[in-house]
Amino acid sequence: MRKTLRWLLSLVVLIGTVSVAGATAGAATAAEPDLAGPDIKDRILAIPGMSLIEEKPYPGYRYFVLGFTQQVDHHNPAAGTFQQRITLLHKDTGRPTVMYTSGYNVSTNPSRSEPTQIVDGNQVSVEYRYFTPSRPAPADWNKLDIWQAASDQHSIFEALKPVYSKNWLTTGGSKGGMTATYYKRFYPKDMDGVVAYVAPNDVVNDEDSAYDRFFRNVGTKECRDKLEAVQREALVRRKPLELKYAEYAKANGYTFTTTGSLDRSYEAVVLDYVWAFWQYSLLSDCGTIPADARHATDQAIWDTVDTISGFSFYTDQGLEPYTPYYYQAGTQLGSPTIEQPWLGGLSRYGYQPPRHFVPRSIPMRFHPAAMPQVDTWVRHHADHMLYVYGQNDPWGAERFRLGAGTRDSYVFTVAGGNHGSKVAGLAAEQKATATSAILRWAGVPATTAAQAKPLARYDAVLDRRSIEREPTLRP
């Protein structure tokens, strides 16, 4: 999940949200100017529906924050339009282009996804519809679904393809990896390849035994025991810690209308604790967990839960930015429920469904056919698709898998990896295979797979590999 609300909001959608002021000269190769014709900014702004919000300098690139006029309902143009925020990291129109989305907000600081570094290309980053400010007003929530979002990406691709005519890839992590998959499923001819990181695949929403098996075996017994003991103790000490929570909420102006009570929010934070640890931490981080939870102080229990789960999140203020996510989880994407038998009878509510995290004024109805249809398509029609998972990431328990009919597609797992797993963390042979495939799909193949390496030099700002913090996600 997240440590604190302000920390989460600064990291949730970032590959690297940091100021460009400290950029080093060890960046990618310098941008090559287009040989003839108008300036790239003029070419972009000549596209119907495209507007400039801001241009920011970055060595070797042109970087633009843009608005794009998007249909509210791609089935019905008469339903009106809204402004969708996108960014463009321009290298050269002669290079491949990567379309990136986190599935949430877009960062307005320059950053570069791993595939963009590998192919030394341009990057178009897309803010997911209904994440502010990319939200119609008034918002018809029925128009927030995976097909409409894929159609947003299709419209952006069609607008930019005449300028960036070389090969295109799409990528994203977690919900962004799901988004990349859905885009390929609905518009299979747009992208030349898909690189999806740690993408959950909740095919049958009510069948979550894979997660229970995962938590019985992840890491080491010693680490699992420590985490479970802290979680139990946080519920045993519910009364004094909820008093502390109330003081914390009052001091920060937090309220609990959406969940219904401070008690429900408190338990939601505590129940996320084990999941959040494995999602964002490594086995080596187990040393930071209190070794003897029963004899730890209230402050020690509070601190570890706040650090790993984040007491600010299940407040109205913490949930509000993620209303579009929870709406989708409760209408199409699905959300896991885990048993957590080590809690005995201490839990009053269990894993609460997405409906509890969306204002009651927004109607929701779950559509169970959406995910099975996508899963069937991937198993039988995946073409030029790469999935990367982390061995110790809970979201890998229900993942995309390949089947008969798939072509030139791969599923790899980073040993000991968490929710930040990348191609760079794969074993050498798999890393070479994955890198070679990305280059091949981008139209810049290496001579052999063994020779496949990122074409752009590492940049400490653009290529910072932050884990994309988001709700301990469902998904």
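Details
- Those aspartates and glutamates that a straight Cα-Cα span of less than 16 Å connects to K91, excepting residues fewer than 8 apart in one chain: E32, D34, D39, D42, E55, E114, D120, D459, D463
- Of the trypsin sites (Lys or Arg not before Pro) found in region 365-427, those in coil by DSSP whose Cβ has at most 12 other Cβ atoms within 10 Å are R365.
- Solvent-accessible area, 1.4 Å probe, carbon plus sulfur percent, for region 328-375: 55 percent
- Helix 262-271 and the long axis of the chain differ in direction by around 70°, with both axes built from C-alpha atoms.
- This model, with +1 at the C-beta of Lys and Arg and -1 at the C-beta of Asp and Glu, gives the chain a dipole about its Cα centre of some 100 debye.
- Ignoring aspartates and glutamates fewer than eight residues from K244 along the same chain, the ones with Cα atoms less than 17 angstrom from its Cα are E233, D263, E267, D298, D303, D306.
- Working note: 222 nm ellipticity from helices only, DSSP H runs with n ≥ 4, each -39,500 (n - 2.57), summed and divided by the residues of the chain, gives -9500 deg cm²/dmol to the nearest 500.
- Net charge of the neighbourhood of G405, taken over other residues with C-beta under 15 Å away and scored Lys/Arg +1, Asp/Glu -1, is +2.
- Residue-count net charge about Q123 - beta-carbon cut-off 9 Å; Lys, Arg +1, Asp, Glu -1: +2
- Under the combined filter of DSSP loop state and at most 13 neighbouring Cβ atoms within 10 Å, region 135-213 retains these trypsin sites (Lys or Arg not before Pro): K189.
- Across the options F68, F412, G443, the greatest Cα extent toward the positive end of the charge dipole of the chain (unit charges at beta carbon of Lys, Arg, Asp, Glu) belongs to G443.
- Selection from V218, A276, W302 lying farthest towards where the dipole of the chain points positive, charges on Cβ: V218
- Listed by chain and number, the aspartates and glutamates whose alpha-carbon sits under 16 Å from that of K143, ignoring those within fewer than 8 places in the same chain, are D73, E127, D152.
- A 1.4 Å probe run over the chain, with the rest of the protein chains in place, finds 38 Å² accessible per residue.
- Cross-link table K226/K431; K175/K221; K184/K226; K161/K422, entries beyond 32 Å C-alpha to C-alpha: K226/K431; K184/K226
- Per-residue SASA entry for M385, accessible area with 1.4 Å probe, Å² rounded to 10: 0 Å²
- L282 paired with R348, simple spin-label distance in nm, labels 7 Å along Cα-to-beta-carbon: 3.9 nm
- Region 407-459 and region 306-326: distance between their alpha carbon centers, rounded to Å: 34 Å
- Diffusion coefficient, µm² s⁻¹, Stokes-Einstein with Kirkwood Rh over alpha-carbon pairs of the chain at 20 °C and 1.002 mPa s: 93 µm²/s
- Between T255 and T297, the contour length at 0.36 nm per residue exceeds the alpha carbon distance by 12.5 nm.
The values are calculated or read from the model by the stated rules, or taken from the named source; none is laboratory data. Model, not experiment: these values are computed from the prediction. Using ideal geometry, Cβ is built from the backbone for each residue, glycine included, and neighbour counts are taken over all protein chains shown. For accessibility, only protein heavy atoms count, side chains too; no ligands or nucleic acids. Shrake-Rupley method; radii C 1.70, N 1.55, O 1.52, S 1.80 Å.
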